[in-house]
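Notes to accompany the following structure.
Just so you know, all these numbers are worked out from the coordinates, no wet-lab data involved. Treat the numbers as computed from the prediction; the structure is a model and nothing was measured. Cβ placement follows ideal geometry from the backbone for every residue including glycine, while neighbour counts extend to all protein chains displayed.
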């Protein structure tokens, strides 16, 4: 996933500004979605616990590859690693924060936040089956809304990304046609539309194309003032994206039975829950004593999980539930 430049400032401060090397320095690499929070936590940890973080924003796939190659102290990925790989490499995986993926639109005459869609209709739009904004299926989701006779232009990520993996997982969940036709993944064969690289590329294409619809992370949409869409959730209500609806999705998830904390937050049944939510994960070596900086990594994330909620909310993330944090730290300490 990717973020606007001003959001990456925190990561750059934590990773690119030269610091005096000492035993507590740790390195991480991976998810661009998580870069702002790890950058901010890194800046806070220097003064609070004396640990400096060098975090490289290289993407989720590269983050997994680097931790497997043992070139960093932790990897970061928006897509959970396969259980067999985790166990074979002696890695422990846990979520740090959660965020939402949101459709963004440029529909003439429609005020931001007024357009409503359900999952099957959104999938049909991206499959190219619905081509006009005043289509009867869209009108059925928007009683009383004056929809324009404007052609729809779909925008998708041209680069492989965790954002696409989460978005297409949702489409596959709510649309049997999408599941059997396009499927889900970080990079898929799109039926058509405009390809753009990164959140900024998708946003630019949507802004510059009348009738366009795309998808980006919520924090990007909120901080660049893009028009978002309400989605019909599992309970049948149209909900707006935001920290409250993301938290409701997390609260309704089955954390207890999630293998390696790879919880499913897609289309959860919680009242008021946003249907496209995903955690971002960290991968670390176990046991803690097996890695050169294992104790420092454990101290860093222990402090972040216990003291970093305010920072997470400020950056438009949702913290992991308190009971899950307790389980994470206990299982990490006991992991072999």
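Going 7 Å from the Cα of residue 114 along its beta-carbon direction, which residues of segment 215-232 have the amide nitrogen within less than 16 Å of the resulting point?
Residues 227-230 qualify, since their backbone N sits under 16 Å from the label point.
Between helix 294-307 and the chain, what is the angle of the helix's C-alpha long axis to the longest principal axis, kept within 0 to 90° and rounded to the nearest 10?
Approximately 50 degrees, to the nearest ten.
Order these peptides, 39-50, 165-176, by their mean beta-carbon neighbour count within 10 angstrom, highest first.
Working: 39-50: 18.3, 165-176: 21.9.
Ranked from most to least packed, the peptides come out as 165-176, 39-50.
Figure the gain on full extension for residue 329 and residue 200 (residue separation times 0.36 nm, minus the Cα-Cα span) and round it to one decimal in nm.
Roughly 42.9 nm would be gained on extension.
Nearest 0.05, what FRET efficiency do residue 322 and residue 257 give at R0 = 22 Å with Cβ-Cβ as r?
E between residue 322 and residue 257, to the nearest 0.05, is 0.75.
Based only on other Cβ atoms within 10 Å, what is the fewest-to-most ordering of 325, 256?
Least crowded to most crowded, the residues run 256, 325.
Quick check on segment 101-252: take the gyration tensor over C-alpha atoms, sort the square-rooted eigenvalues as a ≥ b ≥ c, and tell me if it's rounded (a/c under 1.5), prolate or oblate.
Judged from the Cα gyration tensor, segment 101-252 comes out rounded (a/c under 1.5).
If I stretch the segment between residue 25 and residue 187 completely, what's the gain in nm (0.36 nm per residue apart, minus their alpha carbon distance), one decimal? Before the final figure, lay out each step's value.
Details: separation 162, 0.36 × 162 = 58.32 nm, distance 3.43 nm.
Once the chain is fully extended between residue 25 and residue 187, it gains 54.9 nm.
Ranked highest first by the average count of other Cβ atoms within 10 Å around their residues, in what order do 289-302, 70-83 fall?
70-83, 289-302
Compute the FRET efficiency between residue 210 and residue 290 as 1/(1 + (r/R0)^6), taking r as their Cβ-Cβ distance and R0 = 51 Å, and round to the nearest 0.05.
Efficiency, rounded to the nearest 0.05: 0.35.
To check you understand DSSP bridge types, tell me what percent of the beta bridges within the chain (both residues inside) are antiparallel, rounded to 5.
Antiparallel bridges make up about 65 percent of those DSSP assigns within the chain.
How much length would be gained if the chain were fully extended between residue 134 and residue 313, taking 0.36 nm per residue of separation minus their Cα-Cα distance, in nm to one decimal?
Gain on extension, residue 134 to residue 313, equals 60.8 nm.
Please list 26-37, 134-145 highest first by mean number of surrounding beta-carbon atoms within 10 Å per residue.
Going by the mean number of other Cβ atoms within 10 Å, highest first, we get 26-37, 134-145.
Counting helices only, and only those DSSP H runs with n ≥ 4, report the 222 nm mean residue ellipticity of the chain as the sum of -39,500 (n - 2.57) divided by its residues, in deg cm²/dmol to the nearest 500. Display every interim value, and only then the final one.
Numbers: 14 runs with 135 residues, N = 336.
Per the formula, -11500 deg cm²/dmol.
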